[in-house]
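The values are calculated or read from the model by the stated rules, or taken from the named source; none is laboratory data. Since the structure is predicted, the reported quantities are computational estimates derived from the model, not experimental observations. Here the Cβ is made from the backbone with ideal geometry for all residues, glycine too, and neighbour counts use every protein chain on show. For the accessible areas, the whole protein counts, side chains as well, though only heavy atoms, and no ligand, DNA or RNA atoms are used. Shrake-Rupley method; radii C 1.70, N 1.55, O 1.52, S 1.80 Å.
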Amino acid sequence: MNTRNLDDQVESTEKGSIEVTSKFHDAATTTSAASPKKFNAEQLGRVYFIRQGESTSNERNIFAGVLDVDLTSFGRLQARRAGVDLKKKGTKFDAVYVSHMRRARQTCEIALAESQALKSSDTPVEIDHRISEKSFGIFAGRNLNLLRLALLVIFRARVGSAVKSTAIALTNWLKCQEYGIKT
C-alpha cells in the first residue's frame, strides 16, 4: 500500500492531473524520491472542505475562536444546503474528518444526513483536534465593533509607540469595558 505523508507537496497541473513530490521512495518504480510522479486526479481522490454554517457568535458579531458555540437556524439551513449540493453532485466519502468544535460537528452531521454521502454506513466521522479554530486570546467572546473601536482609539493615541505597550493598553481598555469602568 502506498501512503502519502501530509508533508508531501501537491500541485495541480493544467491537464487536471496532480503532481506529487514525495519524500518516500516507491519500491515499485525506479524513480528517485525527489523526482515528481504524475497521477490522475481520480487515482488520488478528492478532498472537500465545507465551512461551518453561521454560528451564534457570527450572529452576535463576536470573535468566537475557540469558544464552543452552536449553529443558528440559518447555519443549520446552510448545512442542509451543503448536503443538497453534495447529493446533486453524487459525492460519496470514503472518510470524513471534522473539528471537535460543536458548530463544525453540527454542520457535518446535518450535511451528511441530507446528502447520504458516506460510501458505507460504517464509515466513521472522525473528530480531529488539529482541525480547529485558532485562539483569539483576550479577543475571544468580544464584540467585533467594540474591538475595532478600541484599536482605532488606542492606535490614534499611541502613534509611534511600541507594539507591546499598545497590546497592554488594549488589554487594560478591554478589562475596563468588561467591568464597566470609565476610561
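What the table shows:
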{"quantity": "FRET efficiency, 1/(1 + (r/R0)^6) with R0 22 Å, evaluated for HIS100 and SER120 via beta carbons", "calculated": "0.40"}
{"quantity": "Listed residue pairs exceeding 19 Å between alpha carbons, taken from LYS134/LYS175; LYS87/LYS119; LYS89/LYS119", "calculated": "LYS134/LYS175"}
{"quantity": "Region 40-155 - accessible surface per residue (Å², probe 1.4 Å)", "calculated": "64 Å²"}
{"quantity": "Label-point gap, in nm, between ASN172 and THR91 - each point 7 angstrom along Cα→Cβ", "calculated": "5.0 nm"}
{"quantity": "Region 57-131: trypsin sites (Lys or Arg not before Pro) falling in loop per DSSP and having at most 15 other Cβ within 10 Å", "calculated": "ARG60, LYS92, LYS119, ARG130"}
{"quantity": "Table column - 3J(HN,Hα) (Hz), region 69-79, Karplus curve with 6.51, -1.76, 1.60, x for Gly and Pro", "calculated": "10, 8, 7, 7, 4, 5, x, 5, 5, 4, 5"}
{"quantity": "Full-stretch length increase - ARG148, ARG51 - with 0.36 nm per residue and alpha-carbon distance subtracted", "calculated": "32.4 nm"}
{"quantity": "Globularity index of region 53-152, i.e. its alpha-carbon radius of gyration over 2.2 N^0.38 Å", "calculated": "1.25"}
